[in-house]
């Protein structure tokens, strides 16, 4: 053997022995799935719906078999809800495929904003989607016309009061910026209150709410475009189906049940040993309780301050659920020339592209692009349980 | 079968980037049946162009070429060609290379086999029928090239410096071999070479071209029988004379 | 006993190949393992986690889609095979024609130069929506295979020695005969090269192809769906399965290339 061979062999030996030692001494066992984010407030409950090219009864399996439904994808509340519904009808639920049978309901994943176009091609029978797309599809394809869409059920009819989107904070940010979180919640709660008031067509803020809703959910990035009468009708209808609320009551119990549900459906692939404890860690209602307990004094303290700090925010694209956050972020709803976030001294910046799903917002957390995100509860639970 | 070639006032102009270069200026030449004519000239003078015009691969800019009275308008199997770099088909065996012309002519298999076998025997490659081209030496490759051109039984065989890429010893062997082959066949041969020795050794006539634009400088008849003795005084004298002529062309450059 | 390595011994050569490949893969495994520990991110799971996920997938299938691992593999392979056949049937004749005709070359060049840089991932939503969910994904993979195959075929035609064409014509072959008896065999090595490059790029397209409106499963959707849910060990299983399929198909092409090269005498 010549010197080069010896050097190579020795090099490999050192490399492998060091590597082995390193690997053996490291804990490569199942890492704990303690969440790295916390849910600090709810955004909305309900606010989704199932549409189909024929009338179906959610209590009768007649006519369901062999149909193809679009969902925002496995791991979204809409997908899970449809799946539970199909199981309750005694049918199977499987990814769409060329050979179908009549005891299975098929699903495929389509971005919510694209569902209307796909539905128009009539290769898929229906879908389950969040607002405003549910209302938009029902408006665009009127019931009874050729290819018209029927409202099968609103999500409120399937699971009354089911939580949907959440305000989620990265733990590392929360621990060091408690005051910013409180300011954010104060602004957000005020926005929710305003939205709920402005939902009433008689309220003076109603027109602004419609504008915000349209720009948030239906305008596809054209600043000069104006809402059509159909758009307005869609938004009015959609707003009625969404319940805007920041309260976290009952969410821990719901998360506990979601964990076993998602473990069974294959979305959570890392076993959660104690779902209740996990839910307790993920849902942090302390901030919300503090804020609501002393709302008046906190408002007194923080309103009309400035320079408190910057928050990087991540949101979903075209999601009417998140309208309160958008209202507090980009509009003067108080009439004093500032956004609500500005009123509470916050500089809120966009921390990444608008996402088409909660998984995308969780990726922004993982990539340290955002401090606070607004996304569905299921992706938050699934990604946290799987380790982010 | 042999062919009578008439080159009538042929001219060739190459056009590149809007500039004309006259390569060949009004050449007229008749090559008789069963004759072996060599074309000699300073390098780059257009010897090969004359050959390629007879083959039909290059079109004359003026004048015409007739083979047995028929005007040449494109390549055809009546004018076989042997290339300096052999131009054999590497994906075909020796046998299949020789068979190519018969194959495209649509000759029946039995007839093809008989002909290929005969020509492989003539060039002495019977034992290498199944060999791949890349397994052969340069001399053997060119023997395949000659057999491939001859098997079509063309009227004319055009040889473009066929032994130019072979070493001196192989060249001599190939030249002697070519004479033997010519005894068994009766094609008219036009032979382009830059070797005066080779031309004198093989040719019935030698056509010497001038430098570009090429015209015919001189035509030398060599009535001696073949095989010729390279050491004979008249051989050496002729070779020396031609070399001197060619050198003049070069000196004038 | 000391064994002296003999390069002319087939068994020795094979043994050496196996040994070096095994060490190479071991190094990769080690580096992966260490990176996973050092970074500590769940997105790069340690090899044992991925192994567990693989065993689980093998035994229970993919619970989310209701497909077994083999279903996903077959779905992707089928798509890939159809895409390859179409790409071959289109790119090779087109490449030969473009290589032969300067006019066609000049005409198609702007079109191809405009289309070539578009990533298949950009085509996926367009093609799936515009065509359908069966042929859309196949066309995405097709695009990946098509361009390298076409460019290599054109290149092959342009590289044909003009002497071979001259020889063919002086031997009496007409244009069609020259085309399939001389030009085509001449381009075979280049076509084979294009195939090998195309196969590699084709597999890179499978995730993009299967991401939109999934239909009939496939490893590409398997990966993107599990990435969305953060099931990283499953993502890695999918990645490894695709790389194995890639290795197998490219290995097959390599083998075919060797056999053809040997039979045609063109190494």
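The values are calculated or read from the model by the stated rules, or taken from the named source; none is laboratory data. None of these values were measured; they are calculated from a predicted model. We place every Cβ from the backbone using ideal geometry, glycine too, and count neighbours over all the protein chains shown.
Descriptive notes on the structure:
- Flag if residue C:135 is within 14 Å of chain A (Cβ to nearest Cβ) and within 21 Å of the chain's Cα centre (by Cα): yes
- Some residue of the stretch A:52-74 being at pLDDT 80 or above, assigned to a strand (DSSP E or B), closer than 27 Å to residue A:314 by Cα and in the same structural domain as residue A:114 (by TED's automatic domain parsing): yes
- For beta carbons closer than 7 Å, sequence separation of 6+ or different chains, a first residue in the stretch B:128-139 that is over 11 Å from residue B:93 (Cα atoms) and away from chain C (no Cβ under 13 Å) and a second that is modelled with pLDDT under 90 and surrounded by fewer than 16 Cβ atoms within 10 Å (Cβ to Cβ), the qualifying pairs are B:138/B:165; B:139/B:173.
- If the condition is being under 23 Å from residue B:117 (Cβ atoms) and in contact with a strand residue (DSSP E or B) (Cβ under 7 Å, 6 or more places away or on another chain), then the stretch B:79-98 contributes B:80, B:81, B:82, B:93.
- Selected residue (only one of A:359, A:307 is in the same structural domain as residue A:241 (by TED's automatic domain parsing), at pLDDT below 90 and at positive phi): A:307
- In the stretch B:196-249, the residues that are surrounded by 12 or more Cβ atoms within 10 Å (Cβ to Cβ) and in a strand (DSSP E or B): B:205, B:206, B:207, B:208, B:209, B:214, B:216, B:217, B:218, B:220
To keep it simple, each residue is scored yes or no on (1) in contact (Cβ under 8 Å) with a residue 60 or more places away in the chain; (2) in the same structural domain as residue C:202 (by TED's automatic domain parsing); (3) under 23 Å from the mean Cα position of the chain (by Cα).
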| site | (1), (2), (3) |
| --- | --- |
| C:123 | yes, yes, yes |
| C:130 | no, yes, no |
| C:146 | no, yes, yes |
| C:157 | yes, yes, yes |
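- Of the residues making up the stretch A:359-369, none is buried (at least 21 other Cβ atoms within 10 Å of the Cβ), part of a loop (DSSP other than H, G, I, E, B) and either away from chain C (no Cβ under 14 Å) or in contact with a helix residue (DSSP H, G or I) (Cβ under 7 Å, 6 or more places away or on another chain) (or both).
- Total residues in the stretch A:108-159 satisfying the condition of being surrounded by fewer than 16 Cβ atoms within 10 Å (Cβ to Cβ), within 14 Å of another protein chain (Cβ to nearest Cβ) and within 23 Å of residue A:57 (Cβ to Cβ): the figure is 1.
- Filtering A:258, A:248, A:316 for residues that are surrounded by 20 or more Cβ atoms within 10 Å (Cβ to Cβ), touching a strand residue (DSSP E or B) at 6+ places or on another chain (Cβ under 7 Å) and within 14 Å of chain C (Cβ to nearest Cβ) leaves a single hit, A:316.
- Only residues that are facing chain C (nearest Cβ under 8 Å), more than 19 Å from the chain's Cα centre (by Cα) and without any contact (Cβ under 8 Å) to a residue 40 or more places away in the chain were counted across the stretch B:53-92, and they come to 1.
- Scope the stretch A:90-99; condition more than 11 Å from every other protein chain (Cβ to nearest Cβ) and surrounded by 15 or more Cβ atoms within 10 Å (Cβ to Cβ); matching residues: A:91
- Flag if residue C:111 is surrounded by fewer than 17 Cβ atoms within 10 Å (Cβ to Cβ) and touching a helix residue (DSSP H, G or I) at 6+ places or on another chain (Cβ under 6 Å): no
- Matching entry among C:74, C:64, C:90 (being surrounded by fewer than 19 Cβ atoms within 10 Å (Cβ to Cβ), in the same structural domain as residue C:220 (by TED's automatic domain parsing) and touching a residue at least 24 places away in the same chain (Cβ under 8 Å)): C:90
- The sole residue among B:85, B:130 that is more than 22 Å from residue B:170 (Cα to Cα) and surrounded by fewer than 19 Cβ atoms within 10 Å (Cβ to Cβ) is B:130.
- Taken together, the criteria exclude residue B:97 from residues that are on the phi < 0 side of the Ramachandran plot and surrounded by fewer than 23 Cβ atoms within 10 Å (Cβ to Cβ).
- Every pair of residues 6+ apart whose Cβ atoms lie under 9 Å, when the first sits in the stretch C:227-256 and is within 17 Å of residue C:41 (Cβ to Cβ) and more than 14 Å from chain A (Cβ to nearest Cβ) while the second is at pLDDT 90 or above and crowded, with 19+ Cβ neighbours inside 10 Å: C:239/C:219; C:239/C:223
- Residue check, residue A:346 within 14 Å of chain C (Cβ to nearest Cβ), buried (at least 24 other Cβ atoms within 10 Å of the Cβ) and in a strand (DSSP E or B): no
- So residue A:257, is it assigned by TED's automatic domain parsing to the domain that holds residue A:328 and within 17 Å of the chain's Cα centre (by Cα): no
- Residues that are in contact (Cβ under 8 Å) with a residue 12 or more places away in the chain, in a loop (DSSP other than H, G, I, E, B) and surrounded by fewer than 18 Cβ atoms within 10 Å (Cβ to Cβ) do not occur anywhere in the stretch B:17-31.
- Residues in the stretch B:65-74 include at least one that is assigned by TED's automatic domain parsing to the domain that holds residue B:188, out of contact with any strand residue (DSSP E or B) (no Cβ under 7 Å at 6 or more places or on another chain), part of a loop (DSSP other than H, G, I, E, B) and within 24 Å of residue C:161 (Cα to Cα).
- Scanning the stretch C:159-179 for residues that are more than 14 Å from chain B (Cβ to nearest Cβ) and not in a loop (DSSP other than H, G, I, E, B) turns up nothing.
- Residue C:72 modelled with pLDDT of 90 or more and facing another protein chain (nearest Cβ under 9 Å): no
- Some residue of the stretch B:149-161 being more than 10 Å from chain C (Cβ to nearest Cβ), surrounded by fewer than 24 Cβ atoms within 10 Å (Cβ to Cβ), over 25 Å from residue B:199 (Cβ atoms) and modelled with pLDDT under 90: yes
- Scoring residue B:106 on the criteria (1) within 11 Å of chain C (Cβ to nearest Cβ); (2) surrounded by 16 or more Cβ atoms within 10 Å (Cβ to Cβ) leaves a single failure, condition (2).
- Within the option set C:88, C:84, C:107, C:80, being over 30 Å from residue A:35 (Cα atoms) and more than 24 Å from the chain's Cα centre (by Cα) holds for one residue only, C:107.
- Some residue of the stretch C:17-29 being over 20 Å from residue C:237 (Cα atoms), within 12 Å of chain A (Cβ to nearest Cβ) and either part of a loop (DSSP other than H, G, I, E, B) or touching a residue at least 60 places away in the same chain (Cβ under 8 Å) (or both): no
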